[in-house]
1. Restricting attention to the range 64-107, which residues are among the aliphatic types (A, V, I, L, M), modelled with pLDDT of 90 or more and in a helix (DSSP H, G or I)?
2. So which residues in the range 303-313 are touching a strand residue (DSSP E or B) at 6+ places or on another chain (Cβ under 9 Å) and not in a loop (DSSP other than H, G, I, E, B)?
3. One residue is enough: does the range 314-335 have a residue meeting the conditions part of a helix (DSSP H, G or I) and within 24 Å of Ile219 (Cβ to Cβ)?
4. So which residues in the range 318-363 are touching a residue at least 60 places away in the same chain (Cβ under 8 Å), surrounded by fewer than 21 Cβ atoms within 10 Å (Cβ to Cβ) and among the basic types (Lys, Arg)?
5. Can you tell me which residues in the range 110-146 are of a type in the set (Asp, Glu) and farther than 14 Å from Glu87 by Cβ?
6. How many residues does the range 117-168 contain that are in contact (Cβ under 8 Å) with a residue 60 or more places away in the chain, over 25 Å from Met241 (Cβ atoms) and part of a strand (DSSP E or B)?
7. All but one of (1) closer than 30 Å to Ile238 by Cβ; (2) at pLDDT below 85; (3) of a type in the set (Ser, Thr, Tyr); (4) over 23 Å from the mean Cα position of the chain (by Cα) hold for Tyr379; state the number of the condition that does not hold.
8. Being touching a residue at least 60 places away in the same chain (Cβ under 8 Å) and over 30 Å from the mean Cα position of the chain (by Cα) is the filter here, so list the residues in the range 79-111 that pass it.
Amino acid sequence: MLNPPVIMVCTHTDQCEKLDERISEYAKQFDCIIGQNTKANHKRNIHYISNTHENGEIDELKKTISKIAEDMSYFQVELPTHWIQLENALDFLTNDLKKNILSWTNILELGNKMLIKREGELLEFLNYQHNIGNIIFFNDIREYIILQPNWLVKCFRCLVCDDDPKKRNPKISSTEWKALTETGRLSDTIIDDLFQNENVLEKKQKTYVLSVMEKFDIIVKPQCVGTKGDEISKFYYIPCMIRNRSISVDDLKKEFEVDKEGITISPWFILEFTFLPFAYFNHILVSYIKEYTVCGKENEEKAIYEGKAVIFLDERKSRKLIICYSKNAISLQVWKWDQVSDDLYQNVLEKLHSKIEELENKLGPTSYTVAAKCNDGNYFKKEYRISFEERNKSYFEDRTYFCEDHVNAKFHNINDIENMWFRHVDTVCTHYWLKTIKKHISYITDAGD
């Protein structure tokens, strides 16, 4: 089994007069001799056991073994012994030759020498090594295998962090630099320059690194309106660097002429999270930008802003969706120029739910509640939102609610929220209901105790 944990057992403690001093001295010697070697990473614990007295040391050793076995996702997985040779070869390239990255061609040749001749078996080996943290490898982007994770971080940092004016190449127009710092738009010229400044990669590795950054949602190439219909933008965008391009929803409505007669604006659909980092929201925003066409005329800035984006939901460009971030909340609203079926709102929720589920698998579970607000209310204000749970409360018996989130307070019909959004929550957000049920079961259990 690769990457084995090592539990060290020192015996005959009964023969040591000053046991504590001896243990301290042994630990220092171990760190001095082995501590700088990568093999020290296998050490999990050291147990000191007497050969004549039973003081519970054996039981503690058993507990340690059981605990390590439980924590190991690959415990008792049978692996070919000849994999060890290739693992040792990669270890030599990484730690002795300080190689950062290895091409797919090179790993195929290396695998052949180590008796891994089938591509399928090599992929199994590389995926295993990726899962236990020895390398970084992606099946869908297999041009290279990353041996040094820190190298990849340096590549990321070149584009995401390094906008220091002192490092800017004067040959590149100030307009391009301004587009990066204000709108997050990244031209190919700037990409080449930033990578060249740090000298972190060869030119042939550039496309691969950019693909990895796209995979992690660090950069995105949106679909945009072009001369021949929808097409992929020639520019990348870095969502986390869109710092100085903000706009209010009211101004966006004016820009897209949403307030004209005959245009329907849906109520706001809102997910209220216990905690929602801006980076988490950006993952969701990027998923929409990748899948849908971003609004904006040809050769003009696209409708991607700090904490907001506007996208087309259909090929006819008659339905738009705005996605907004506010404190611990994601808000969606549909603008439509024609009649639409119920599927539209269900599809929007399915997309949102699917992305959150995907992120939970990667980053861990989240906690949120479902709410809504009238179509001309302030999405960023928590007040006057209607939660999914309270929609059938007695104070909504006449299906209206009084909303003070306006200059002139007024009544709204709750059926608008129900028909467009809430009716689909049961079928789409199944894991939301599972969480709600578990929360209530936990409450009842605690109360019973």
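1. Step one: filter the range 64-107 for residues among the aliphatic types (A, V, I, L, M), giving 65, 68-69, 72, 77, 79, 84, 86, 89-90, 93, 97, 101-102, 107.
Now narrow it down to the ones that are modelled with pLDDT of 90 or more: 86, 89-90, 93, 97, 101-102, 107.
Across the range 64-107, the qualifying residues are Leu86, Ala89, Leu90, Leu93, Ile107.
2. So in the range 303-313, the residues touching a strand residue (DSSP E or B) at 6+ places or on another chain (Cβ under 9 Å) come out as 303-304, 306-313.
Listed by number, the residues that qualify are Ile304, Lys308, Ala309, Val310, Ile311, Phe312.
3. As a first pass, look at the range 314-335 and keep what is part of a helix (DSSP H, G or I): none.
No, that holds for no residue.
4. Lys336, Lys351, Lys355
5. Here is the first cut: in the range 110-146, the ones of a type in the set (Asp, Glu) are 119, 121, 124, 140, 143.
Glu119, Asp140, Glu143, listed by residue number.
6. Residues meeting the conditions: 2.
7. In the conditions (1) closer than 30 Å to Ile238 by Cβ; (2) at pLDDT below 85; (3) of a type in the set (Ser, Thr, Tyr); (4) over 23 Å from the mean Cα position of the chain (by Cα), Tyr379 misses (2) alone.
8. If the condition is that a residue be touching a residue at least 60 places away in the same chain (Cβ under 8 Å) and over 30 Å from the mean Cα position of the chain (by Cα), then Leu79, Trp83, Ile84 are the ones that fit.
The values are calculated or read from the model by the stated rules, or taken from the named source; none is laboratory data. Remember, it's a predicted structure, so these values are computed and weren't measured experimentally. All Cβ positions, even for glycine, are placed from backbone atoms using ideal geometry, and neighbour counts span all protein chains on display.
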